[in-house]
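The structure appears right after this line, and notes come after that.
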Amino acid sequence: MIQAFSSLSNTPRGKILIVDDDSSVLLIVSQFLERNKYQTTAVNGGEEALKLVRSQNFDLVACDINMPGISGLDFLNALKGIDPTLASVVVTASNSVGMAVEAMKSGALGFVTKPFKEAELLDSIENAIQQARMVRETTAMKLYTPMLESATVALLHALEAKDQDSQGHGQRVAETSQRIAQNMGLSQEETVQIFFGGLFHDIGKIGVPDWVLQKAGPLDLIEQQQMMRHPEVGARIIETVAELSAASKIILHHHERYNGTGYPYGLRGEEIPVGSRIVAVADVYEEMIARRVYADTMNQEQALAEIQKGSGTQFDPIVVETFLKSLSPKR
């Protein structure tokens, strides 16, 4: 059975195919996404969904795992065979890390458990669509797609070690870093590595205890030492993917400072990889304008002033200059 839903806007944000054998879930998810200006089509089986994917264009597929007929994992594998760049998100009652790992091995870019919060589902869908669109738009697609799949395998280490992971900050840092690299005239290969360095710059925080990450206040000396391990842990995770060796070095050094007072090795100036110097600016900027439990959010003007203030000490002046010139006035 196919249920088609009309978007509330003449210009929908994207076209989503929802696959679930529970009609009430289909209705709830469809209505929620429609309110958020997505166009949706809902079906109650994997076989029917695959027929639609072969004949229509979708921006994302949201599917259950436990379905009659073709299973959710088999469906995801078949989906990847039809279009490896089509974004997919799993929405399931299974909340095990093992199931999340299997879903991501099968190509899913997001994993949301039922019952879910609407904001959680929306964030997962938006991140997956954004990530897949970037793959489609790059001229390096033949290189980019297998690298993205390899990078997803690296993320499995995070899922197995910690039963939660937010990609929102990493995605924003990756996109900002990519924009800076492009405006600096760096090569396509360097830009791709910088994108992934930004995407996974904080992946090493899976090795930091939750009570340190979630502490609402300044960290003491021991807590700071635990937090300062995350670049090295992250670099070790990502360096397991041969195609991302340069990205792993970017991750390792993204907390170095231009004047040599950073960590883990106290590198200065051009001793620091250019990708790390770029990600450092993007990371701090995105942190300052994001909502955080342990610090007040700055507006864009305040954040840009802080970035400018750090030019030549914390940050590479050329990177700062390029960033300020290339930043869109609207966010």
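Odds and ends about this structure:
- Other-chain or far-sequence residues with amide H under 5 Å of LEU60's (modelled H): LYS15, LEU17
- Simple spin-label estimate for LYS325 and GLN302 in nanometres, 7 Å along Cα-Cβ: 2.9
- Carbon/sulfur fraction of accessible area - segment 185-244, other protein chains in place, 1.4 Å, %: 57
- Overall dimensions of segment 23-79, expressed as equivalent-ellipsoid semi-axes from the Cα gyration tensor (√(5λ), whole Å, largest first), are 19, 14, 9.
- Euclidean distance between Cα centres, segment 50-93 to segment 207-263, Å: 35
- Applying a threshold of 26 Å to the alpha-carbon distances of LYS15/LYS114; LYS80/LYS114; LYS15/LYS80; LYS205/LYS249; LYS15/LYS117; LYS215/LYS325 flags LYS215/LYS325 as lying beyond it.
- Accessible carbon and sulfur surface of segment 88-132 relative to its total accessible area, %, 1.4 Å: 52
- Per residue, the accessible area of segment 77-116 comes to 37 Å², computed with a 1.4 Å probe over protein heavy atoms only.
- Per residue accessible area in Å² of segment 195-246, where ligands, DNA and RNA are left out and the probe is 1.4 Å: 47
- Fully extending the segment from SER55 to ASN259, taken as 0.36 nm per residue of separation minus the present Cα-Cα distance, adds 67.8 nm.
- Working from the Cα coordinates of segment 47-124, the gyration tensor eigenvalues give, after taking √(5λ), semi-axes of 20, 14, 11 Å in decreasing order.
The values are calculated or read from the model by the stated rules, or taken from the named source; none is laboratory data. This structure is a prediction, so every number in the text was calculated from the model and none was measured. Every residue, glycine among them, receives a Cβ derived from its backbone with ideal geometry; neighbour counts consider all protein chains shown. Just so you know, the surface numbers come from the protein's heavy atoms only, side chains and all, with ligands and any DNA or RNA stripped out. Shrake-Rupley method; radii C 1.70, N 1.55, O 1.52, S 1.80 Å.
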